[in-house]
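The structure under discussion appears below in the form of structure tokens.
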Amino acid sequence: MTLRARFTSISIISTILTALIVFFAGQMLLEDAEGRFNDATVRGKSVLWSKIVANRLSGFETAIADVTRDHATLEALMTGNGDVVKESLDTTHLALSSAGILEKLAILDLEGNVIYAAGSSFSGRTQVPLFQDAIAEEKIMLGMVRDDDGDISNAVAFPLYLRGKLLGIGLYLKSLQSSIDDFQRNDSSEVFVYSEAGEVELVGGQNFLSEVAVEMPALGERIAQILDDGDDIYTVSIIPVSDYTGIPFGHLVIAHNSTEAYAQRKEFQEIEYSVIVITILLAAVILLWYIRRSFLPLDELIYVSKRIAAGETTARVDIKSTDEIGKLGYAFNNMAQRMQSNIERERETTEVMHGKVETILNVVIPASEGDLTGEMMSFSGDDSIDHLGCSIAVMISNLEALVAKVQESGFMVGSSATQIAATSKQHEAAVTEQAATTTQIKATVSEISTTARELLDTMSNVTQVSEETANAATDGQSALMSMEETMHHMMEATSAISAKLAVLSEKAGNINSVVTTITKVADQTNLLSLNAAIEAEKAGEYGAGFSVVATEIRRLADQTAVATWDIEQMVKEMQSAVSSGVMGMDKFSDEVRQAVENVHQVGSQLAQIIDQVQMLTPSFEQVHDGMQSQSLGAEQINDAMSQLSDVAQNTAESLRQSGTVITQLNDAARGLQDGVSRFKVKKSS
């Protein structure tokens, strides 16, 4: 896209965006103003409605005195004289209804029963809640109610007192339709009252809303709507209708015909749209004309630039203005003039430079082919070509001297390389022989090192076995000492057991003497029982019981004698066993004593063995250290011989590489001689 097209597009788009912004801003301002107007309208309608209802209730309050100050009527109510009450209140109702203050008048007792009613056929107990609040509060209650006939009315309930006694409640009612008619006359609008269920209850004017859907808000809310029934446009204000307690029970819908206002608004919007479109078109035409006029100098500048680029350096821009485009054209002409001057100077400089380059090439081309005998003319100028000519002359002179020296040095390098190659081959043969000898020595040293390591391992094992033997002998000696101590304890225990057995034998002897005594007692008891039996026989029947006792005593004495004999036999067996045990323990004690002496002798011999083994261990350690040092020395000799062999092999390899390098050097010297032989140099005088 060209710059002109971009400027044109941006200008048109900017114009359109500006127009759209203005349009939408106007729409938003219009909608905001309309919203504020609708809110103000709803507030105004609400204020007017409240004022009309307040005036109606104010008229009620003024008319209350017609009943509350009528003492004749109050006396009749107190005495129950219904005829007087009816006659008096009919007159009051006629006067107040003729004045347009009320439509219905009722007098209720304290139970809510209708005592008197005018303007309504209702009788019985009232359901108007305003009555109950007037009794409870004992004051005048004002507001909207739905009366006993089902009509929405403005109402006032007031208490009736006579000499401080509450007689009943007076009730004034006037249908809300009268308030709606007053509102319609003051506002020139169609007024409707909708119930909470959305049904029309009261109408002030034409009921055109029955064919148009009205969106009702929630109870208690105030809104404004625009309704179009096809022929007319209405501004609808919806405000709540509340009872005397402030609780909303319906909607007051106020419809104002705004067809003419909306027609004027539509006409204004059409004029606004037309002005915007004409403004956009006019701005677009002006922008296109101005952009085309502004780009004409640029087109000429582009045309002249193309001519200069084609080689017409005398072309210039025709300047017709002093603005930025004119300044650009003036600067362009200056640039073109300087460019033309520079081109002419470059052309002259190129011709002079071409001559100098030809002179330099006459010397450089033969030099590139090996002829260094040419001479360069001297340049006295100060430009780059002059410096280049002088530098090339110096370079050829230096190159000539260098080539001469290289030719001479090449010959000397060739002869030296030949001599070095011969010497290198001799050294290579000697080093190769030395490497073979070193390899043999390395193998011998490796065997010695291996033998030393094996001997070192053997001595390590011998030393370890010696230490283990010494440790085992030491453990055995400790075990023998423990055994000897244990046997000593056994000897002491045996002696103690022998002593205990002797005591036990002595106690058994004591038991025998006791048993002997018991036997003698049993014999005496037997004799006594026999004597008692004889005496019982002598006593006759009086001694029969004593005879039985004597018999039992004799029987017990016999059993005691038998038991005593058994005890005596067991004690004798015990003494025999104890005597055998004492003899066995003496024999065991002798054997243990002999074993202790043997163990002591073995321990002494084992101590001598341990001392001798411990004396051998340091000798083994000295031999082991010597073998370890010998093995380490053998390994060091082996490592040194390995390094010597590696050095010999590396030396041989280096000599072989040196021979290769010397051969390459010889070849390079020949190549250098062949290379420099093609150069022609001046003969030195």
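Would you mind telling me which numbered condition in (1) surrounded by fewer than 20 Cβ atoms within 10 Å (Cβ to Cβ); (2) in contact (Cβ under 8 Å) with a residue 60 or more places away in the chain; (3) part of a strand (DSSP E or B) TYR194 fails?
Checking TYR194 against (1) surrounded by fewer than 20 Cβ atoms within 10 Å (Cβ to Cβ); (2) in contact (Cβ under 8 Å) with a residue 60 or more places away in the chain; (3) part of a strand (DSSP E or B), the one that fails is (2).
Go through (1) modelled with pLDDT of 85 or more; (2) in the same structural domain as VAL42 (by the TED database); (3) part of a loop (DSSP other than H, G, I, E, B) and name the single condition GLU221 misses.
The number of the failed condition is (2).
So that you can scan it fast, the table gives a plain yes or no per residue for (1) touching a Phe, Trp or Tyr at 6+ places or on another chain (Cβ under 9 Å); (2) of a type in the set (Gly, Ala, Ser):
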| residue | (1), (2) |
| --- | --- |
| GLU270 | no, no |
| ILE276 | yes, no |
| LEU287 | yes, no |
| TYR303 | no, no |
| ALA309 | no, yes |
| SER321 | no, yes |
| ASN333 | no, no |
| SER341 | no, yes |
| ARG345 | no, no |
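Here are some residues: ALA284, ALA263. Which one is in a helix (DSSP H, G or I), without any contact (Cβ under 8 Å) to a residue 12 or more places away in the chain, of a type in the set (Gly, Ala, Ser) and surrounded by 11 or more Cβ atoms within 10 Å (Cβ to Cβ)?
Going through ALA284, ALA263 in turn, just one is in a helix (DSSP H, G or I), without any contact (Cβ under 8 Å) to a residue 12 or more places away in the chain, of a type in the set (Gly, Ala, Ser) and surrounded by 11 or more Cβ atoms within 10 Å (Cβ to Cβ): ALA263.
Hey, ALA496 hits all of (1) surrounded by 14 or more Cβ atoms within 10 Å (Cβ to Cβ); (2) of a type in the set (Gly, Ala, Ser); (3) modelled with pLDDT of 75 or more but one; which does it fall short on?
(1)
Kindly indicate the residue of the range 543-592 that is in contact (Cβ under 8 Å) with a residue 12 or more places away in the chain and of a type in the set (Asp, Glu) and also surrounded by the most Cβ atoms within 10 Å (Cβ to Cβ) among those meeting that condition.
Per the criteria, the residue is GLU568.
Using beta carbons and a limit of 8 Å, which pairs, at least six apart or on different chains, have the first residue in the range 37-57 and of a type outside the set (Gly, Ala, Ser) and the second one part of a helix (DSSP H, G or I) and loosely packed, with under 14 Cβ neighbours inside 10 Å?
LEU48/ASN186; ILE52/ASN186
Okay, residues lined up against (1) among the small types (Gly, Ala, Ser); (2) exposed (fewer than 11 other Cβ atoms within 10 Å of the Cβ); (3) outside any loop (DSSP other than H, G, I, E, B):
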| position | (1), (2), (3) |
| --- | --- |
| LEU296 | no, no, yes |
| GLY311 | yes, yes, no |
| ALA315 | yes, no, no |
| ILE319 | no, no, no |
| GLY329 | yes, no, yes |
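Any idea which residue in the range 70-126 is surrounded by the fewest Cβ atoms within 10 Å (Cβ to Cβ), counting only those that are of a type in the set (Asp, Glu) and outside any loop (DSSP other than H, G, I, E, B)?
Top of the filtered list is ASP83.
The values are calculated or read from the model by the stated rules, or taken from the named source; none is laboratory data. Predicted, not measured: the structure shown is a model, and the values here were computed from it. Here Cβ is always computed from backbone atoms with ideal geometry, including for glycine, and neighbour counts include all displayed protein chains.
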